[in-house]
Amino acid sequence: MRLKYLFGAFELDPASRELLRDGQPVALRPRALDCLVYLVENRERAVGRDELISAVWGRVDASDTVVAQTLLRVRKALDDAGNRQAMIRTLPRFGYRWVAPVREVPASRDAYPGSPGEGEGDAGLPPPGGAADFIADAVEPGLPIADTA
């Protein structure tokens, strides 16, 4: 059974890769969404910086700056920026901890028009979040993206 997570005014559905605030989509880059999902799914414990990097980036050599900027994007999307830390708490010299109350609810396939039915695959579909998000995360900031169309 697919689950989605409810916290504050937000709804997070990892399977559909959507973050909603009061029912409206919140723009979040794929890596930032991955960080959010990982922290929420592991909310019962503190998550070390190296563990988060390994889980989200798949390697341990991501810079502190990249991690900090990604978490800043998540915090801004959640209105948790600054010293509030009502959702994500920074643990100095260790990592992060999700601290906001979360409610798990079943995710309905009917809530997502166009989602594959039982037994259907998603081969050939663009990555969740759209191809533009995928490309934006795959290139360095500031570099032009070539139009191949």
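Please work out which residue is surrounded by the most Cβ atoms within 10 Å (Cβ to Cβ), limiting yourself to segment 87-118 and to residues that are of a type in the set (Gly, Ala, Ser), assigned to a loop (DSSP other than H, G, I, E, B) and modelled with pLDDT under 95. Only one residue fits best here, namely ALA107. Against the list (1) under 14 Å from the mean Cα position of the chain (by Cα); (2) open to solvent by 50 Å² or more (accessible area, probe 1.4 Å); (3) more than 16 Å from PHE10 (Cα to Cα), the condition ASP61 fails is (1). Remark: pairs (first residue in segment 82-109, in contact (Cβ under 8 Å) with a residue 24 or more places away in the chain; second residue of a type in the set (A, V, I, L, M, F, W, C) and surrounded by fewer than 11 Cβ atoms within 10 Å (Cβ to Cβ); Cβ separation under 9 Å; 6+ apart in sequence or on different chains) = PRO106/MET1; ALA107/MET1. The set of residues in segment 72-82 that are surrounded by 13 or more Cβ atoms within 10 Å (Cβ to Cβ) and in a loop (DSSP other than H, G, I, E, B) comprises LEU78, ASP79, ASP80, ALA81. Annotation: LYS4 fulfils all but one of (1) crowded, with 18+ Cβ neighbours inside 10 Å; (2) touching a strand residue (DSSP E or B) at 6+ places or on another chain (Cβ under 6 Å); (3) without any contact (Cβ under 8 Å) to a residue 60 or more places away in the chain; the unmet one is (3). Set side by side, the residues LEU20, LEU12, LEU36 differ, and just one is without any contact (Cβ under 8 Å) to a residue 12 or more places away in the chain, open to solvent by less than 50 Å² (accessible area, probe 1.4 Å) and closer than 17 Å to LYS76 by Cα, which is LEU20.
Exactly one residue out of ALA81, ALA68 is within 17 Å of the chain's Cα centre (by Cα), at pLDDT below 95 and over 20 Å from GLU41 (Cα atoms): that is ALA81.
The values are calculated or read from the model by the stated rules, or taken from the named source; none is laboratory data. These numbers were taken from a predicted model, which means no experiment stands behind them. Every residue, glycine among them, receives a Cβ derived from its backbone with ideal geometry; neighbour counts consider all protein chains shown. Accessible surface is based on the protein model in full, side chains and every heavy atom, while ligands, DNA and RNA are left aside. Shrake-Rupley method; radii C 1.70, N 1.55, O 1.52, S 1.80 Å.
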